[in-house]
Amino acid sequence: MYGTREALCYELARMFTPDEPLSLLVWTEEGIHTACRELRPTDEEITALLATIGNNTMNVYRRDGVTEASVYDLLVLHCEAVNRQVMVPAQVLSRLVHDAERELIHQEGLAWEAGGATPERIRQGMADVKVLKALLAA
């Protein structure tokens, strides 16, 4: 399970009777940081690892467990996935960037028509488009 102490206590109370014997193992942000100190995990990476560990099925947990080594390996896999690069033909990427830019401009216009400012997600999307255009031009 993954969540706040309050949410987890609620789920445990719902799942088990008050007198049912249990063994509870807890991983915290500090535990993740200690297990992965060589990789210097960010707060976002630590949160992602806690969620990954907590969302494992009981079968996976019983079979594989959760050790410092396995947590370290999870962080390595997470970092590889986040930084994964793929090859895309420039022409395909250029068309997609153009279409994305047009849609972002349209969404920005809708926000303005509704009397609002440009939403952060649109500003970030336009920044991403600018980066991709610069890379395509290089």
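Identify, please: which residue in the stretch 83-98 is under 26 Å from the mean Cα position of the chain (by Cα) and assigned to a helix (DSSP H, G or I) and is, among those, surrounded by the fewest Cβ atoms within 10 Å (Cβ to Cβ)?
For the stretch 83-98, the residue satisfying everything is LEU96.
Taken together, VAL71, VAL66, VAL76 contain a single residue that is part of a loop (DSSP other than H, G, I, E, B), touching a residue at least 24 places away in the same chain (Cβ under 8 Å) and under 30 Å from LEU25 (Cα atoms), which is VAL66.
Out of GLU38, GLU6, GLU11, one residue alone is assigned to a helix (DSSP H, G or I) and closer than 27 Å to CYS79 by Cα. It is GLU38.
Scanning the stretch 33-54 for residues that are within 22 Å of ASN83 (Cβ to Cβ) and either at pLDDT below 90 or more than 16 Å from the chain's Cα centre (by Cα) (or both) yields HIS33, ALA35, CYS36, ARG37, GLU38, LEU39, ARG40. Scanning the stretch 52-69 for residues that are farther than 13 Å from HIS33 by Cα and of a type in the set (Gly, Ala, Ser) gives GLY54, GLY65. For the stretch 93-100, the condition holds for no residue, the condition being that it is closer than 18 Å to CYS36 by Cα, out of contact with any strand residue (DSSP E or B) (no Cβ under 8 Å at 6 or more places or on another chain) and without any contact (Cβ under 8 Å) to a residue 24 or more places away in the chain.
With respect to the conditions (1) surrounded by fewer than 11 Cβ atoms within 10 Å (Cβ to Cβ); (2) of a type outside the set (D, E, K, R); (3) assigned to a helix (DSSP H, G or I), HIS33 lacks only one, and its number is (1).
The values are calculated or read from the model by the stated rules, or taken from the named source; none is laboratory data. Since the structure is predicted, the reported quantities are computational estimates derived from the model, not experimental observations. Note: ideal-geometry Cβ built from the backbone for every residue, glycine included; neighbour counts use all protein chains shown.
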